[in-house]
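One structure is given below, encoded as structure tokens.
The values are calculated or read from the model by the stated rules, or taken from the named source; none is laboratory data. The structure displayed is predicted, hence computed values, not measured ones. Note that each Cβ is placed from the backbone with ideal geometry, even for glycine, and that neighbours are counted across all protein chains shown. Please note that ligands, DNA and RNA were not included when accessible areas were found on the heavy atoms of the full protein model with its side chains. Shrake-Rupley method; radii C 1.70, N 1.55, O 1.52, S 1.80 Å.
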Amino acid sequence: MNKQTMHFITGYFFLGTLTFLKKLQLFPGIVFGILSFSANAQEAMNIRLLGEWTSSSVSVNPQGAKFSDLWAFDINGKNYAALCSTDGIHFIEIGADGSMVERDFVQGVHFGPSVVNRDVATFNGYLYAVCDHGFSTLQIIDLHYLPDSVHVVLSTDQFFQRAHSVFVDTSSATLLVCGPSSTINGDRAMDVFSLSNPENPSLLGSFNSVQYVHDAYMRNDTAWLNCGFDGLLVVKINIPFSIQIIGDLPAYPEMGYNHSGWLSEDGRYYVFSDETPNRRMKLCDVSNLNDIQVLSLFHSGTDAQNMAHNMMLFDDYVYVSHYRDGLQIFDISDKSFPQRIAWYDPETVDGFAFSGAWGIYVYRNEHRILISDMQRGLLYYQFDAPPRLASDRTEFGVAPNPAFDVIWFWRSSSRLYPVQLQIWDLSGKIVFEEKFPSIDRFSVDINSWDSGMYFFTISGIEVSTKYSGKFIVSH
């Protein structure tokens, strides 16, 4: 949670309705991708938990949380996660079998129950860490000696004592520090550093055209800045140092506290979240920075008060750490109608909106995902990606047929309502029965089933409709 949200959140609710109506007038042609929702008891869909790490010795803050953000990296042929906590940074080796072992720990300069947010990023075997509380420093940690140990090579308050978040663009060797603050240098919206010498960053300059930059994403010379209640800015960072604003989105539907976002690989789309209850994520067409268009809005749909926090976007999948809703994954191949296709809710907390899943890291080529859970620690998941569906698909179908290990059931976007699936074998024995929520595809694990023909019915729970069919299992 950011340091300004709690100050603004009450007043923003009073202004919400009027502000939203004004913004709708600015976007008359917008298409809303609204996700249907029905209550369901399923805690997971198309995601498996591979491993989990926690520590009972970590300090608990007044929010009941111990952990905040994370980042992952490879070094010396092994996978690691840097998990932030109230006390410091935990360096955890992640095995191919889902095992997790803490290899080292670096205590924060400021640590203990007063810490809510700590953030990290990596570059060329070094980790850059900041804390948004107390009198802290920029910590630079050498990772090259893992799995034996890590080493702090620099801890300095020369530039700032507190900062909210960091992002490294490896292509330009640039470090962005968002929301830096110190008693000596005052508050800035964002600092920009060169990492040409990774152990001794040089400050190129600061950006102060807005009051605050909460988070940032940078690729080459272009940075996408999430500026809280000032909306979204796109800037070009020039050398010799100057910053030029080349795009902005100061107002948009369901505007809240512009928190964080991610750019698609082709640079055409940007997705971001607002850290405000009852605000959906926004998918934008950014191919023309002079006219950024919001294409659709979407969220988990489980509770209007639940919020998306951080995200990554790869291969038309948006992977989200969705606070109390845990890990949520959306298919945005249809840009006007994003679909929630996978989730895993560990159900760790109730009541407080700012709890649960904080940070996310995606191993995109393996569909493996790390989540930092504020209460539980580090969670390691496998995403079983469903088949992509054609926009002109028929109302119902199964794929593949014959099936080997998993059978997928899919339906058209006009048929999104809760259903009950029943499957029986040739003898008439029911071998599977389960209810599914309002999603357009769902799967059944058939690894342990005998080869042969099976029959199924998909029946609407709230709508009087039924579809029947058959498929073959062949091992």
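Okay, here's what the table says:
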quantity	calculated
Peptides 334-343, 374-383, 465-474 ordered by average Cβ neighbours within 10 Å, highest first	374-383, 334-343, 465-474
Dipole magnitude of region 224-356, debye to nearest 20 (Cβ charges: Lys/Arg +1, Asp/Glu -1, about Cα centre)	260
Where region 319-475 is the region considered: accessible area per residue in Å², 1.4 Å probe	41
Apportionment of accessible area to carbon and sulfur, the chain, percent (1.4 Å)	49
Rounded FRET efficiency, nearest 0.05, which uses the C-beta distance separating A251 from Q422 and R0 of 45 Å	0.40
Dipole moment magnitude, nearest 20 debye, the chain about Cα centre, only Lys, Arg, Asp, Glu C-beta charged	920
In the chain, lysine pairs with alpha-carbon atoms under 22 angstrom apart (chain gap of 8 or more, or interchain)	9
Highest average packing first - 145-155, 220-230, Cβ atoms within 10 Å	220-230, 145-155
The chain: calculated mean residue ellipticity at 222 nm from DSSP helix runs of at least 4, using -39500 (n - 2.57)	-1500 deg cm²/dmol
Neighbourhood charge, 14 Å Cβ-Cβ cut-off, centred on L233 and excluding it, Lys, Arg +1 and Asp, Glu -1	-2
Amide hydrogen neighbours beyond the local backbone of I246, cut-off 5 Å, H modeled	V234, V235, K236
Cβ charges +1 (Lys, Arg) and -1 (Asp, Glu), total dipole of region 357-475, debye	220
Cut-off 14 Å between beta-carbons: net charge of the residues surrounding K435, Lys and Arg +1, Asp and Glu -1	-4
Viscosity 1.002 mPa s, 20 °C: Kirkwood-radius Stokes-Einstein D of the chain over Cα pairs, µm²/s	91
Under-5 Å amide H pairs with I360, H placed in peptide plane, nonlocal only	L70, S372
Neighbourhood net charge (14 Å Cβ-Cβ; Lys/Arg +1, Asp/Glu -1) for Q107	-2
Per residue accessible area of region 70-197, 1.4 Å probe, in Å²	34
FRET efficiency, 1/(1 + (r/R0)^6) with R0 22 Å, evaluated for N290 and R219 via beta carbons	0.70
All-pairs alpha carbon distance profile, region 170-308, 5 Å steps from 0, percent	2, 10, 19, 21, 19, 14, 9, 5, 2, 0
Length-normalised contact order for the chain - Cα pairs under 8 Å, 6+ apart - percent	13
Extension gain from E52 to T156, taking 0.36 nm per residue of separation minus the Cα-Cα distance	34.1 nm
M190 long-range amide H proximity, modeled H, under 5 Å	G179, F207
